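Here is the structure we will look at.
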Amino acid sequence: MLKQIKKSLSIALVIMMILSMSIIAYASEPITPASNGEVTIGITKNLVMPIATPTPATTFIFDVTFNGLVDIWDNEPPAPPSNVGPFISPAPTLASAPGAAAATIQIAANVPGITAGDVKTVQGQDTITFAPGMFPRVGMYIFTVRERANTNPLIDDVENINEYLSYSDAAFEIRVVVVNCNCAVPADCDLCVNGRRIESVATIRRYNDDGTPGDGNKVLPTPGTWDETTGVVTNPSGVAFRNIYVLTEGNDDGEEDPDPTDPDHSTLSIRKDVRGQFGETTRLFPFTVTIIENEIVTESTVTPTYIAYVVDTNVTPNAVVSGPHVVNTSFDFQLRDGYEIRFVDTPVGTRFVATETNSFAHQVAGSSNTNAFGAVDATNTAWSVDRQVATSITTPAQPGALVVAPNGPWVAIENYRSLPPQTGLTMNDIPFVVAILAIIGGAFGLVVFKVRKSKKANYIG
């Protein structure tokens with residue numbers, strides 16, 4: 001009985017293994033032709049950027065290279081970066097097969113995309129098609145698809161120090177298997193051109209976006225549904241290329257060394273205003289600013305080091321009080337009435353917390369033209385004090401932290417101290433006191449006069 005149970009378990013285990021292997025094999029199966037015998041594969045673009053970054057108008061071009069033809073190959077792809085082979089020499093000439101600029105993806109400016117945490121992703125899609133008439137004989141045709149570099153000259157210009165755009169070094173191998181037709185089967189013959197048809201197309205990741213060798217596994221190349229308005233691809237193709245975009249606002253003149261006395265050159269400014277009859281306009285108030293680096297900026301080649309200056313706005317033109325200060329993640333400084341600390345190279349999407357560590361018994365209020373999600377508040381309404389003095393910072397939402405947004409974000413922290421309520425007499429009370437004393441003095445004089453008159457009458461009588 002025990003033997004029979006063990007045997008049954010062994011058979012069940014084998015069946016489960018076979019089923020699991022078949023599921024894996026099915027998941028990695030190449031795609032088959034459509035009813036017209038053609039195979040269309042999708043190319044997905046993933047343009048990622050920090051939160052609050054306006055989507056730039058961009059163009060991405062993809063080149064398809066024909067590597068050669070093989071007629072003997074392994075069922076499983078070899079480990080990268082090796083290739084199948086040997087290739088048949090000389091390579092055959094193909095008719096109208098995808099080649100240079102085989103696909104182009106254009107992304108419009110200000111497309112919203114998808115936001116997850118502090119990362120915004122905008123997608124795009126194009127397709128390339130293989131038809132049986134492209135291939136002169138049976139065999140496996142090997143192609144490579146790559147992204148072309150430097151296709152956005154305005155952003156790529158070396159003098160443009162406000163924008164950074166990476167290009168993907170990913171490479172996908174495309175294997176098109178062409179076989180002889182069997183016209184005894186009508187459905188098979190319908191897919192034929194010149195007695196041949198495409199059996200299948202498989203795509204394999206050879207290199208990753210950073211240029212490192214890929215895993216050599218097959219990816220599903222079926223095109224998804226692309227919404228150009230939102231920049232979202234539903235069920236995107238596995239033939240995907242990822243790019244990073246980082247924008248540094250300010251420095252509008254494109255100068256290498258921005259002018260901190262020019263507000264247009266700052267990417268973030270924190271201002272101090274002191275008001276009230278007892279406001280101490282000459283006192284230096286201590287501050288701490290904490291920079292929370294965006295993960296996309298950290299991943300890019302943009303150096304996450306921030307330069308700040310303390311500037312006096314009480315004079316025209318503004319004058320630098322101190323700096324430049326190199327800020328990593330936290331920086332202590334002091335501001336008095338009319339002083340600002342101006343950052344000149346902070347990427348959009350960087351979060352920060354500005355904290356006044358001692359208000360010296362002044363009331364504290366604040367306002368800003370940006371908010372915790374990077375949206376610009378044109379009304380410049382007051383923002384909550386608990387956000388201003390927040391010390392608890394968590395990821396990814398970073399509660400309590402504001403986001404550097406375009407158009408020169410600023411924060412103004414106002415300290416107010418007025419004349420405290422008085423319990424005694426003040427100079428303003430003197431006229432009333434004099435009037436009261438005069439009334440009391442007059443009444444007292446009248447009483448004295450009557451008393452004296454009464455005594456005199458009694459004496460005469």
* **ALA149 vs. criteria touching a Phe, Trp or Tyr at 6+ places or on another chain (Cβ under 6 Å) and either β-branched (Val, Ile, Thr) or not assigned by TED's automatic domain parsing to the domain that holds THR267 (or both)** => yes
* To do: Would you please list the contacts, defined by Cβ atoms under 7 Å and residues six or more apart or on different chains, that run from a residue in region 260-274 that is under 14 Å from ASP337 (Cβ atoms) and assigned by TED's automatic domain parsing to the domain that holds ALA365 to a residue that is hydrophobic (A, V, I, L, M, F, W, C) and at pLDDT 90 or above?
  => ILE270/ILE341; LYS272/PHE285; LYS272/LEU335
* Asked: part of a strand (DSSP E or B), at negative phi and not assigned by TED's automatic domain parsing to the domain that holds ILE296 - does that describe any residue in region 184-195?
  -> yes
* Could you tell me whether region 119-135 includes any residue that is outside the structural domain of SER300 (by TED's automatic domain parsing), part of a loop (DSSP other than H, G, I, E, B) and more than 24 Å from PHE62 (Cα to Cα)? => no
* strands (runs of 3 or more DSSP E) wholly inside region 198-248 that include at least 2 residues being at pLDDT 95 or above -> 232-234, 240-247
* **Scan of region 105-150 for residues that are of a type in the set (Val, Ile, Thr) and under 23 Å from ALA171 (Cα atoms), ordered by number** => ILE105, ILE107, THR121, VAL122, THR127, ILE128, THR129, ILE142, THR144, VAL145
* Restrict the check to region 163-180 and report whether at least one residue is at pLDDT below 90 and either at positive phi or surrounded by 14 or more Cβ atoms within 10 Å (Cβ to Cβ) (or both). => no
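The values are calculated or read from the model by the stated rules, or taken from the named source; none is laboratory data. Quick caveat, the model's predicted, so the values are computed rather than measured. Every residue, glycine as well, gets a Cβ built from its backbone with ideal geometry; the counts of neighbours run over all protein chains shown.
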